[in-house]
Every structure is written in structure tokens, then in C-alpha cells.
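Report on the following structure.
The values are calculated or read from the model by the stated rules, or taken from the named source; none is laboratory data. Quantities reported herein were computed from a predicted structural model and do not represent experimental measurements. With ideal geometry, Cβ positions are generated from the backbone for all residues, glycine too; neighbour counts draw on all protein chains shown.
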Amino acid sequence: MRPFEPNLHSLPEGSASASRLALAAKRLGYAGIIITNHTTTCGRPIGVEAARLVAGIEVVIGAEIVASDQRSLHSKAASLRERVDFLAVHGGDEKINRAACEDPNVDLLAHPHQGRAGIGVAAAKAAQENQVAMALDLSPMILLRGPARIRWMETVRRDLDLFGKFDIPLMITTGGRSHLDLRSPRELTAMAALLGLDRDRAFEAFSLPESILALNRRRWTSVGVELV
Amino acid sequence: MRSWLPVLRDRRRYIAFEVEAEGRVRGGDLVAEIRAAQTSLFGDLGAAKNRLRVISFDGRFGLLRSTHTRTEECRALLATVNSVGGMRAAIRVRGISGSIKAATEKYIPQSILQPDENKRRVDLGPVSGSVVRVRGREIDLSPDDPKMTEGSGTRYVGLTSFDLRGEDIDADGTSDGL
């Protein structure tokens, strides 16, 4: 298993530089990190070149699309697809979750469980068809306590059953904004186990980002046609 | 602990951890924070079952004890600690072992000084390392090769300033050289 952390935010959005995140992730046993800053903040992360100097860990620059409605989501995804290796969508709103699941350009729906919204059956079917991965973002489990965390756990437990039923790809992340937000793959596996995710599915979830990246980096000219 | 029937005695695991924080972490704050995370995640009943105790903590590295079947639960609850004493922090599990001795030897570095972060290096051919402490002419050296102190039960190699300079005309055998 070569685990990747697929949804991090670095300076200027988070509080740690890309190289600091890379160094911390390497010490925790990751093979790579994907930095997905939101499209609404000032664009590219600072110090990407410095992060590439950290030996033994791959640093990938992706993007996390913030959209207010379905239409702008699809157009942003289509235009960003060519420019970045990994495309995430800022989820949480029920309509946006659904729209992201219906868009084959999208790789990952980040934190779909923020707030009370979850994934419905229709969205789950769409995600399966378009191979859009769902993020199991464990930051609420780390940062929240009491009733708020109980509500979040209820939603996530229910949706994990749904993901299993429809065989939707899953990625585990902390959505970290600082090196102190990062957790090692083993710790995340232990936390996910409390939510009802077994070890095998967790391991699969950690190695999924790398295979998605390998697919995205091939030069596709149209659907299913590759330029060799 | 009061003596107990050997067959009924519970088995234990020792969890070696490292605290990464933005400032100095006090042991009391850490214990309170782990307790709070534990009762918040598992409740009183779960906390009684995994029987977590803080054995030692030196400001950076520490040791916890738990029941041997519930180490994964402990990993999860340590991962949910996000601040200690009002300061952002994270607990990293370094490893789990069956005895205090093994956990300490395997997972807790014996010298916090890294060889390259100390400017005072000593290199005498067979002996090389970085200086930990100097008292008069006595020098404690953290060796690059941990095997150097094997068998003696010490952490550092003891040297004097004479070793470094070769012959010294002031040498009179006393430790401070006066």
C-alpha cells in the first residue's frame, strides 16, 4: 500500500507551507499528498517548488472547486480538468453533492457530510456510474465534541453503508490545513473502524488516489481514447 | 498492584507516543486532555474497558498503558486529541509493545539531540558523536553509533577534554582540572 492524503490545503489558504505538510506527511508514512486549495482563494499554493525538494514523498497540485450552483460547477470542472491532475469539489450542500456525483470530470467529492446533508440514493447511483470518489473526511471526528460529533457520526455511519452497497470508491482524508491536522494512515484506519469501515476497505481507500492520478496523467484525447 | 491470580491477570500493551505541539506541553494538561477525549469518544463504560493510563511523559515522548485487545481504540482516541492546554497539538503513536522496557528501547529515542542539530561535534576516529553536556573537563557524548554504549547500561559515552586535545600539561587527574 502506498497511501496518499488526497485533500490538503496549504499556504495561503492553510497555515502550513506545502513543504511543511510534505515533511510531516512523510514522517507519518504517506507516499504522497495532494494539495487542493479552494478555487475561490488566491489561486496556486505558495512554495510548490520547495515542496518538490522533500525527498521520498510525492507532492501533487490539485484543486477544490467551490461552486454555488450546478451549472457553474460543471463549467469550472470542464475548464480545470486540463490544468490539474486531481479535481475535488467542495461538498456539503445537497445540490452540489448531487451535481458533483453527476460530473465524470470530478475525481473526489470532499467533505460531503459537512452540515446535515449526506448522500442520497440517487446521488450514490450517479457517483457509481461516473466513478466519483467520496471523501471520508475525519476532521469533524478530530475537532468536534459532543452533540455535533454525534450527529456527524450518525450521518457518516449511514452513508458508509450506502457506499458499500453501491460500491462507490472511497478516500480517507483529514482535510488538513496545518501539519498538526495530519494523522497517520494507521490512526485514520483506527478511527474509520469505529465508524464501521473495515481494514480492507480502508486500505483500498488509501491507495485509490495514486491509481486515479495515474489514470489522469495519461493523455486522453476523448472518452476511452488515449494518445500514445 | 495487589497480587492477583496469574490466570486472571489482564495483559497489557504499552503505547509509545510523541507529542507535536506549538509550544511546551505540560504532563498534567496532556493527561487531562487524553481523559477528556476518552470519555467523549467512548463514555465512562468504554473508558473503563480500555483502561488507559499515562505512565510517563517527558515533554515530548511518553508512554501509555492499555488493555492488550483494545490498542486500536486507543490509537483512534489519541488521534482525536487536537489541542493540549489551549495550544494546537497532535499525538503521534510511534509504536506499541508488550513491556515498558521494549517500548522504551524500540520507540523512544534515547537522546533527543539529533547528531546534526548540535554544533559541537566530536570526531575521534573510533568514537564520534555530539556533545550533550559539559561539566568541567567531563564531557558526555551522544554517540552516532548506539552500539557503542551497549552492555554498559548508559546512554552516553563519557569523555574528558583530554581525549579531545591529546596530551594536556595541566592534567592532574581531578575532574575539573584545577
Give, as residue ranges, the strands (runs of 3 or more DSSP E) completely inside region A:1-69 that count at least 1 residues that are free of Cβ contacts under 8 Å to residues at least 60 places away in the same chain and polar (S, T, N, Q).
A:32-38
All but one of (1) buried (at least 21 other Cβ atoms within 10 Å of the Cβ); (2) within 24 Å of residue A:15 (Cβ to Cβ); (3) facing chain A (nearest Cβ under 9 Å) hold for residue B:84, so report the exception by its number.
(3)
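Quick one: which strands (runs of 3 or more DSSP E) lie wholly within region A:127-228 and hold at least 3 residues that are within 17 Å of the chain's Cα centre (by Cα) and under 27 Å from residue A:14 (Cβ atoms)? Full working, then the answer.
Values: elements: A:133-137, A:170-173, A:220-222.
In region A:127-228, the matching strands (runs of 3 or more DSSP E) lie at A:133-137, A:170-173.
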May I ask you to list the residues in region A:29-53 that are buried (at least 19 other Cβ atoms within 10 Å of the Cβ) and more than 12 Å from the chain's Cα centre (by Cα)?
A:30, A:31, A:32, A:45, A:51
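On the basis of being within 14 Å of chain A (Cβ to nearest Cβ), in contact (Cβ under 8 Å) with a residue 24 or more places away in the chain, in a strand (DSSP E or B) and crowded, with 19+ Cβ neighbours inside 10 Å, does residue B:76 make the cut?
On the way: within 14 Å of chain A (Cβ to nearest Cβ): yes; in contact (Cβ under 8 Å) with a residue 24 or more places away in the chain: yes; in a strand (DSSP E or B): no; crowded, with 19+ Cβ neighbours inside 10 Å: yes.
When the stated conditions are applied, residue B:76 does not pass them.
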From (1) surrounded by 20 or more Cβ atoms within 10 Å (Cβ to Cβ); (2) within 16 Å of residue A:25 (Cβ to Cβ), pick out the condition that doesn't hold for residue A:197.
(2)
Pairs under 8 Å by beta carbon, first residue under 21 Å from residue B:84 (Cα atoms) and within 12 Å of chain B (Cβ to nearest Cβ) in region A:140-162, partner surrounded by 14 or more Cβ atoms within 10 Å (Cβ to Cβ) and modelled with pLDDT under 90, six or more apart or different chains?
A:140/A:113; A:140/A:114
If I ask for residues that are under 18 Å from residue A:82 (Cα atoms), among the charged types (D, E, K, R) and either within 14 Å of chain B (Cβ to nearest Cβ) or free of Cβ contacts under 8 Å to residues at least 40 places away in the same chain (or both), which ones from region A:190-228 would you list?
A:218, A:219, A:226
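I'm checking my understanding of the structure. Among residues of region B:123-152 that are assigned to a strand (DSSP E or B) and touching a helix residue (DSSP H, G or I) at 6+ places or on another chain (Cβ under 7 Å), which one is modelled with the highest pLDDT? Step through it out loud before you land on a result.
First, pick out the residues of region B:123-152 that are assigned to a strand (DSSP E or B): B:123, B:128-135, B:138-143.
Now narrow it down to the ones that are touching a helix residue (DSSP H, G or I) at 6+ places or on another chain (Cβ under 7 Å): B:139, B:143.
Working: B:139: 75, B:143: 79.
Checking each candidate, the answer is B:143.
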Restricting region B:87-101 to residues that are away from chain A (no Cβ under 14 Å) and under 12 Å from the mean Cα position of the chain (by Cα), the residue that is nearest to residue A:139 (Cα to Cα):
B:100
Report the residue count in region B:153-171 for those that are loosely packed, with under 13 Cβ neighbours inside 10 Å and either part of a strand (DSSP E or B) or modelled with pLDDT of 70 or more (or both).
2
Against the condition part of a strand (DSSP E or B) and facing chain A (nearest Cβ under 10 Å), how does residue B:65 come out, does it pass?
no
